[in-house]
Amino acid sequence: MYKIGREEAEAASRVIESGELFRIGGKYREVIQFEEEFKKKMGAEHCLLMTNGTQAIAASLAALGIGPGDEVIVPGYTFIATAIAVLSVGAIPVIAEIDESLTIDPDDVEKKISRYTKAIVPVHMVGFPCNMKRIMEIAEKYNLYVVEDACQACGGQFGGRYLGTFGNFGAFSFNYFKILTAGEGGALITNDIKKYERAIIYHDCGTAFWSYEQPITEPLFSGANMRSNEITGAILRVQLTRLDDILSHLRGHKKKLMDMLNGVPGIRFNRSNDINGDCGTWIPFIFDTAEQAEKFELAVGGTRPINTGKHVYENWVPILEKRGAHCDAMNPYRFAANAGLNMDARRDSCPKILDYLSRTVYIGTSYDMSDEYIESIAEKCVSAVK
Ligand SMILES: Cc1ncc(COP(=O)(O)O)c(C=O)c1O
């Protein structure tokens with residue numbers, strides 16, 4: 001969470017006082033208005049506000065018809081939710097390496113494509129944009145779908161275009177730790193009306209219980225309840241008005257610290273695919289060895305991404321141990337349709353991920369960081385590498 005306050009409280013109160021908390025028939029149409037405003041901001045044709053980002057990814061995959069018999073390539077550096085979303089539709093996540101940008105390595109994606117591959121899920125991890133030019137070229141060459149996981153990168157861009165708008169779908173999270181937040185929440189965006197209808201069906205218990213102007217024409221199929229509510233919509237509408245301001249603060253702080261440290265011997269930043277589109281939430285420093293990184297981490301009070309638990313594939317127990325559901329019969333790793341697919345997820349399958357993450361140290365930004373605080377961090381960084 002970067003900024004929240006009175007306006008959000010007033011928006012939530014307005015909904016509560018109206019007594020209309022359901023997204024359908026709500027007095028203020030908060031969810032529908034958020035969807036309109038978010039899609040306009042992103043430059044997409046359709047938006048669906050949902051319960052969370054995990055389900056936004058799953059609904060995107062389901063809308064694309066991905067399921068048993070399909071492989072979906074995901075990076076091994078992302079919150080486990082990305083891979084779990086793939087399993088939740090019955091497909092198998094195939095884990096790809098990252099490169100120095102800490103985002104999915106397009107060369108490794110290409111190596112991992114098989115005749116079963118249906119989609120790539122590039123993840124704009126901690127607001128770092130993936131190389132969407134390469135990813136889209138690969139997707140086109142091999143006729144694959146792309147679902148961008150922009151859960152940690154709302155408002156980020158690649159080449160001046162919003163993340164989440166390159167692929168068939170873009171998925172966002174509005175949980176407590178994200179750039180925009182309502183405590184929990186998620187959204188998907190797409191330009192494909194038919195696939196959008198399927199996402200609506202999937203997220204609304206397999207019905208078309210809907211108040212939109214267009215009738216649902218796609219055949220109904222079973223899904224689950226991932227509907228959002230008017231309080232979330234109201235809070236997020238206020239949050240969305242803050243997006244540019246939040247990002248300009250974060251980016252400004254990041255630039256200030258990077259400028260202060262530029263050229264200091266012993267300090268190097270990870271390569272970015274687009275530093276102007278980067279969200280500014282974290283500043284990544286890369287070292288030659290994990291020992292140097294650890295020393296720096298301790299001296300400056302940073303975080304090494306190798307230690308961020310379920311964000312690193314080596315800690316994805318359900319996937320490493322192939323327990324893809326709560327019971328065997330529903331476990332995609334056991335489906336006959338998935339026999340012969342790439343299930344080779346081991347703790348050591350992606351050595352580049354473990355290497356880059358152990359040699360990287362993050363320093364986080366916050367909305368209200370003062371210049372004095374940034375200067376004090378810069379001083380710590382300089383003395384740590386002396
Ligand atoms: C990269 C990434 N993908 C997906 C998710 C899932 O989002 P949610 O928590 O809203 O389900 C998260 C949340 O932490 C995330 O960081």
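Filtered by the rule that a residue be surrounded by 22 or more Cβ atoms within 10 Å (Cβ to Cβ) and more than 15 Å from residue 280 (Cβ to Cβ), region 151-161 gives a lone residue, 151. Scan region 300-337 for residues that are in a loop (DSSP other than H, G, I, E, B) and in contact with a Phe, Trp or Tyr (Cβ under 8 Å, 6 or more places away or on another chain) and the total you get is 5. Every condition in (1) of a type outside the set (Ser, Thr, Tyr); (2) within 15 Å of the ligand (Cβ to nearest atom); (3) more than 18 Å from residue 344 (Cα to Cα); (4) in a helix (DSSP H, G or I) is met by residue 83 except one, and the failing one is (3). The condition of being farther than 21 Å from residue 200 by Cα and either of a type in the set (A, V, I, L, M) or at pLDDT 95 or above (or both) holds for only one of 89, 123, that being 123.
Annotation note: Cβ proximity below 9 Å between a residue of region 346-361 that is closer than 18 Å to residue 93 by Cα and a residue that is among the β-branched types (Val, Ile, Thr) and assigned to a helix (DSSP H, G or I) (sequence gap 6+ or interchain) occurs for 353/306.
With respect to the conditions (1) touching a residue at least 12 places away in the same chain (Cβ under 8 Å); (2) out of contact with any helix residue (DSSP H, G or I) (no Cβ under 7 Å at 6 or more places or on another chain), residue 376 falls short on a single one, namely (1).
Within region 145-157, being in contact (Cβ under 8 Å) with a residue 40 or more places away in the chain and either more than 16 Å from the ligand (Cβ to nearest atom) or assigned to a loop (DSSP other than H, G, I, E, B) (or both) holds for 145, 151, 152, 153, 154, 155, 156, 157. Just one of the numbered conditions (1) outside any helix (DSSP H, G or I); (2) more than 16 Å from the ligand (Cβ to nearest atom) is not true of residue 139: (1). Only one of the numbered conditions (1) surrounded by fewer than 17 Cβ atoms within 10 Å (Cβ to Cβ); (2) within 30 Å of residue 11 (Cα to Cα) is violated by residue 247, and that is (1). When you go through (1) more than 17 Å from the chain's Cα centre (by Cα); (2) closer than 26 Å to residue 218 by Cβ; (3) not charged (D, E, K, R) one by one for residue 113, which number turns out not to apply? Among (1) more than 17 Å from the chain's Cα centre (by Cα); (2) closer than 26 Å to residue 218 by Cβ; (3) not charged (D, E, K, R), residue 113 violates only (2).
The selection criterion, being within 22 Å of residue 203 (Cβ to Cβ), among the acidic types (Asp, Glu) and modelled with pLDDT of 95 or more, holds for residue 45. Cβ-Cβ distances below 6 Å connect the following pairs, each with a first residue in region 48-74 that is under 16 Å from residue 123 (Cβ atoms) and modelled with pLDDT of 95 or more, a second residue that is in a loop (DSSP other than H, G, I, E, B) and more than 14 Å from the ligand (Cβ to nearest atom), and a separation of six or more residues or different chains: 58/89; 61/89; 72/91.
Any idea which of 304, 271, 237, 251 is among the charged types (D, E, K, R) and farther than 24 Å from residue 157 by Cβ?
Working: 271 fails: farther than 24 Å from residue 157 by Cβ; 237 fails: farther than 24 Å from residue 157 by Cβ; 251 fails: farther than 24 Å from residue 157 by Cβ.
Matching residue, one of 304, 271, 237, 251: 304.
Looking only at region 169-194, residues that are over 14 Å from the mean Cα position of the chain (by Cα), surrounded by 22 or more Cβ atoms within 10 Å (Cβ to Cβ) and outside any loop (DSSP other than H, G, I, E, B) come to 1 in all. Looking at this structure, is residue 367 surrounded by fewer than 20 Cβ atoms within 10 Å (Cβ to Cβ) and over 25 Å from residue 115 (Cβ atoms)? Judged against the criteria, residue 367 is a match.
The values are calculated or read from the model by the stated rules, or taken from the named source; none is laboratory data. Everything quoted here is computed from the prediction, not taken from an experiment. Cβ: placed from backbone, ideal geometry, glycine included. Neighbour counts: every protein chain shown.
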